[in-house]
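Quick notes on the structure that follows.
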Amino acid sequence: MSAAPGRSGLPRALLALALCWLGSGCNLLQTSDNADYPDDADASAVAVSVWLSPAQRLRERGYLEYQAQNYALALSHYRQALDLAANTESAAFAGDLFYKIGRTQLKLQQFEQAAAAFENGLQQFDITHDSELAILHNMLGTTYRKLGLIDKARTHLDQALALRRRVADGLGEARTLGNLGLTYLAQGRYAKALEIYRQAQQRFAELDRVPAHDAGTILNNIGSVYAEMGQYDKALAYQQQALAIFQSAGGQADIASAYHNLGYVYAEQKNHRDAIEAFERAIAIRSQLDDRFGVAETRNNLGLALSDRQNHQQALVVLASALEVLQQLGTRKPIGATYDSIGSVYARSGDFAAAFNAYLQALAIWRETDDRDNARITLGNIGALFERSGQPALAIAFYKQSVNISERIRNDLKALPEQDQKAYLARVQGFYRSLADLLLRLDRVIEAQQVLDLLKVQEAADFLGPVRGNQTTGQGVAELPAEQDILKNYAALEQQAITTGQALAALDKLDRARWSTAQQQQWQELDRQQSSLQRAFANFIESDDIRALVGQLGREARSQMPALAQLRPLQDNLARLGGQTVLLYPLVLRTVWKSCWPMHSVRRCMSRCR
């Protein structure tokens, strides 16, 4: 690793962000890293170097194997070099080896080991090595993001950014900005992600030459933000531009990533034929590259596309194969996305118990990784599952949680242009309308009005121009005390899934042949606990506590008459409009019209179209 950044290589896209839609599971949309490979420019020098120490020779052999994608062999050479270097080489040499070990482990999807290697590398350089420290901080930020440790990732990326600005490393600064944008995208903070990506684009534009991988990557990632926000035409345009750049450069891993993302957008647009074709192209390329991680991610999306065409059993086979590989690699977010996808296919097949268990595993991962957008989707999917299984009170509790997370995301998007805010609402409004419809069917009119008011802020803006939300709409929809207790009971179940999953993952990292008696007993107990989670659906809805809370919820809901405290904000608003004002608000409910009582010269008609 040299002090000055060299030519970038073409690393494959390693991170996938999960995008889901109601009843359709989690399609994985890929974003690419702006990673540092500063010694690639020295490849020719490596081949002709003669006067090298044994440790140096092993390092260079490892590098040549790395270039040939023989990652396990490269890692072996690097580790042997590190052992020899302890007594013969400088700390900077050891730091470079830790860096090379870390990036090789990234290729092998060994994220925790890669983070440890990069952390060890940091310890080898003092404050005079700004460029080396910046590279290691950038790689640590990338690695911790893959592990779902967003705050830790951002801390390292901020340090990398400061160092690169200090040494006027324009290319490095742009790359680190791109990686920083990914941390905000991972949390559903789309406005901030776009802001950071625009800064990265500007920095790239100021450079004389930008590597093809970097130029395509920034377009790919901006397209990913628009896809998250439901702006599919924009997303498609950006992905097609990225594909053209990658094809001109011939980077097969990048081309595969672009086909994967094009397939995602086609699937969102319900163009299942083109989606399947794009996914199959991506899988073919990734199989040739022996990219197990990439193949597994794309199989997740292919499984969902097959399910969209009613091939549910084939979809489950494909998804199971993807899950097996992802669990071996320990990539938390893609595992969560695949669990959600499996849950959605089971739900479509009518196997509610299996669907609930898969959603439980997915939501536990979203909580663990602080992924708001995917948490709101899985919560909504659980709500839909309860609604289909004849448990409307439980469905409402989960729908409300989903809607309130969406409201927090919408609040973060207020700085964006109105059309972008509208596109996001169009993407997420299905759960709002499902919740409002269910509340109206149960004659819980005041609560339904709260939900509809959240949509009306945007709908009124479409008709009247910019309309501000108020304190009431900004708080989301109120949760009744019994609903809060229901969710607390579910949270306990979720925590059990998190704890059990983490403990099993820790054991799986060890050589099973060397397990102690205590570890074997621990595995048996954890396996028993995980088996009990397979019955979580029936146990949850049939438990005495949940039945009692549902009964309590019925009493609380019946008591939700239009209290003065709830009506006073509406009365105040009407008073400010003046006595001669008439406000008509139509909402279309499937095929049914519902009307509310007149109040202060107002007749409001509530309805919705699903």
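If you go through region 211-240 and keep only what is over 17 Å from residue 200 (Cα atoms), touching a helix residue (DSSP H, G or I) at 6+ places or on another chain (Cβ under 6 Å) and without any contact (Cβ under 8 Å) to a residue 24 or more places away in the chain, you end up with just 234.
Being over 24 Å from the mean Cα position of the chain (by Cα) and either of a type in the set (Gly, Ala, Ser) or crowded, with 20+ Cβ neighbours inside 10 Å (or both): is that true of residue 383 here? Full working, then the answer.
Values: over 24 Å from the mean Cα position of the chain (by Cα): no; either of a type in the set (Gly, Ala, Ser) or crowded, with 20+ Cβ neighbours inside 10 Å (or both): yes.
Spelling it out, it is not the case that residue 383 is over 24 Å from the mean Cα position of the chain (by Cα) and either of a type in the set (Gly, Ala, Ser) or crowded, with 20+ Cβ neighbours inside 10 Å (or both).
Looking only at region 115-137, which residues are within 11 Å of residue 96 (Cβ to Cβ) and charged (D, E, K, R)?
Filtering region 115-137 down to residues within 11 Å of residue 96 (Cβ to Cβ) leaves 121, 124-125, 129, 132, 135-136.
Residue satisfying the conditions is 132 alone.
Among the residues making up region 296-317, a single one is buried (at least 21 other Cβ atoms within 10 Å of the Cβ) and among the β-branched types (Val, Ile, Thr): 298. In this structure, residue 421 does satisfy being more than 23 Å from residue 363 (Cβ to Cβ) and assigned to a helix (DSSP H, G or I). Of all the residues in region 318-351, those that are open to solvent by less than 40 Å² (accessible area, probe 1.4 Å), modelled with pLDDT of 90 or more and among the aliphatic types (A, V, I, L, M) number 7. Residues of region 422-431 include at least one that is basic (Lys, Arg), touching a residue at least 60 places away in the same chain (Cβ under 8 Å) and under 19 Å from residue 373 (Cα atoms).
Restricting attention to region 368-383, does a residue exist that is farther than 22 Å from residue 184 by Cα, without any contact (Cβ under 8 Å) to a residue 60 or more places away in the chain, in a helix (DSSP H, G or I) and out of contact with any Cys (no Cβ under 7 Å at 6 or more places or on another chain)?
Initially, region 368-383 is screened for residues farther than 22 Å from residue 184 by Cα, giving 380-383.
Okay, now just the ones that are also without any contact (Cβ under 8 Å) to a residue 60 or more places away in the chain, so 382-383.
This time we only want the ones that are in a helix (DSSP H, G or I), so: 382-383.
Then drop every residue that is not out of contact with any Cys (no Cβ under 7 Å at 6 or more places or on another chain), which leaves 382-383.
Checked against the condition, which is being farther than 22 Å from residue 184 by Cα, without any contact (Cβ under 8 Å) to a residue 60 or more places away in the chain, in a helix (DSSP H, G or I) and out of contact with any Cys (no Cβ under 7 Å at 6 or more places or on another chain), region 368-383 yields at least one hit.
Inclusion of residue 245 among residues that are more than 22 Å from residue 69 (Cα to Cα) and more than 19 Å from the chain's Cα centre (by Cα) is warranted. Looking at 193, 249, just one residue is closer than 26 Å to residue 410 by Cβ and modelled with pLDDT under 95, and that residue is 193. Among residues of region 339-363 that are under 13 Å from residue 313 (Cβ atoms), those with a Cβ under 6 angstrom from a residue that is open to solvent by less than 10 Å² (accessible area, probe 1.4 Å), sequence gap 6+ or separate chain, pair up as 342/319; 342/358; 345/307; 345/315; 346/355. Do we find that residue 156 is open to solvent by 10 Å² or more (accessible area, probe 1.4 Å), within 24 Å of residue 370 (Cα to Cα) and in contact with a Phe, Trp or Tyr (Cβ under 7 Å, 6 or more places away or on another chain) in this structure? Against the criterion (open to solvent by 10 Å² or more (accessible area, probe 1.4 Å), within 24 Å of residue 370 (Cα to Cα) and in contact with a Phe, Trp or Tyr (Cβ under 7 Å, 6 or more places away or on another chain)), residue 156 qualifies. Of the numbered conditions (1) part of a helix (DSSP H, G or I); (2) free of Cβ contacts under 8 Å to residues at least 24 places away in the same chain; (3) open to solvent by 10 Å² or more (accessible area, probe 1.4 Å), residue 390 satisfies every one except a single condition; which is it? Unmet condition: (1).
Selection of region 64-74 for residues being free of Cβ contacts under 8 Å to residues at least 60 places away in the same chain and either surrounded by fewer than 21 Cβ atoms within 10 Å (Cβ to Cβ) or not in a helix (DSSP H, G or I) (or both) yields 64, 65, 67, 68, 70, 71, 72, 73. For region 258-289, taking the residues that are among the polar types (S, T, N, Q), open to solvent by 10 Å² or more (accessible area, probe 1.4 Å) and in contact with a helix residue (DSSP H, G or I) (Cβ under 8 Å, 6 or more places away or on another chain), the one that is farthest from residue 247 (Cα to Cα) is identified as 269. Residue 148 passes every criterion in (1) farther than 22 Å from residue 185 by Cα; (2) outside any helix (DSSP H, G or I) apart from (1).
Quick one: would you say residue 328 is without any contact (Cβ under 8 Å) to a residue 40 or more places away in the chain and in a loop (DSSP other than H, G, I, E, B)? Break it down into steps so the answer makes sense when it comes.
Details: without any contact (Cβ under 8 Å) to a residue 40 or more places away in the chain: yes; in a loop (DSSP other than H, G, I, E, B): no.
No; evaluated as a whole, the condition is false for this residue.
Within the span defined as region 408-424, every residue fails to be touching a Leu at 6+ places or on another chain (Cβ under 9 Å), of a type outside the set (A, V, I, L, M), open to solvent by less than 20 Å² (accessible area, probe 1.4 Å) and under 17 Å from residue 385 (Cβ atoms). Residues that are part of a helix (DSSP H, G or I) and either in contact with an Asp or Glu (Cβ under 7 Å, 6 or more places away or on another chain) or surrounded by 24 or more Cβ atoms within 10 Å (Cβ to Cβ) (or both) within region 159-172 comprise 160, 161, 163, 164, 165, 166, 170, 172, listed in sequence order.
Identify, please: which residue in region 83-117 is among the hydrophobic types (A, V, I, L, M, F, W, C), within 24 Å of the chain's Cα centre (by Cα) and part of a helix (DSSP H, G or I) and is, among those, surrounded by the fewest Cβ atoms within 10 Å (Cβ to Cβ)? Lay out the reasoning, then the answer.
Within region 83-117, the subset among the hydrophobic types (A, V, I, L, M, F, W, C) is 84-86, 91-94, 97-98, 101, 106, 108, 111, 114-117.
Imposing the further condition that a residue be within 24 Å of the chain's Cα centre (by Cα) reduces the set to 106, 108, 111, 114-116.
Of the ones still in play, those that are also part of a helix (DSSP H, G or I) are 106, 111, 114-116.
On the way: 106: 25, 111: 24, 114: 25, 115: 24, 116: 16.
Checking each candidate, the answer is 116.
Looking at the structure I just gave you, is residue 77 farther than 30 Å from residue 288 by Cβ, crowded, with 19+ Cβ neighbours inside 10 Å and without any contact (Cβ under 8 Å) to a residue 24 or more places away in the chain?
Details: farther than 30 Å from residue 288 by Cβ: no; crowded, with 19+ Cβ neighbours inside 10 Å: yes; without any contact (Cβ under 8 Å) to a residue 24 or more places away in the chain: yes.
No: the conditions fail for residue 77.
For region 472-523, the set of residues classified as outside any helix (DSSP H, G or I) and either modelled with pLDDT under 75 or surrounded by 13 or more Cβ atoms within 10 Å (Cβ to Cβ) (or both) consists of 475, 476, 477, 478, 479, 480, 509, 510, 511, 515, listed by residue number.
The values are calculated or read from the model by the stated rules, or taken from the named source; none is laboratory data. Since this is a predicted model, take the numbers as computed values, not measurements. With ideal geometry, Cβ positions are generated from the backbone for all residues, glycine too; neighbour counts draw on all protein chains shown. We work out accessible area using only protein heavy atoms, side chains counted, and drop any ligands, DNA or RNA first. Shrake-Rupley method; radii C 1.70, N 1.55, O 1.52, S 1.80 Å.
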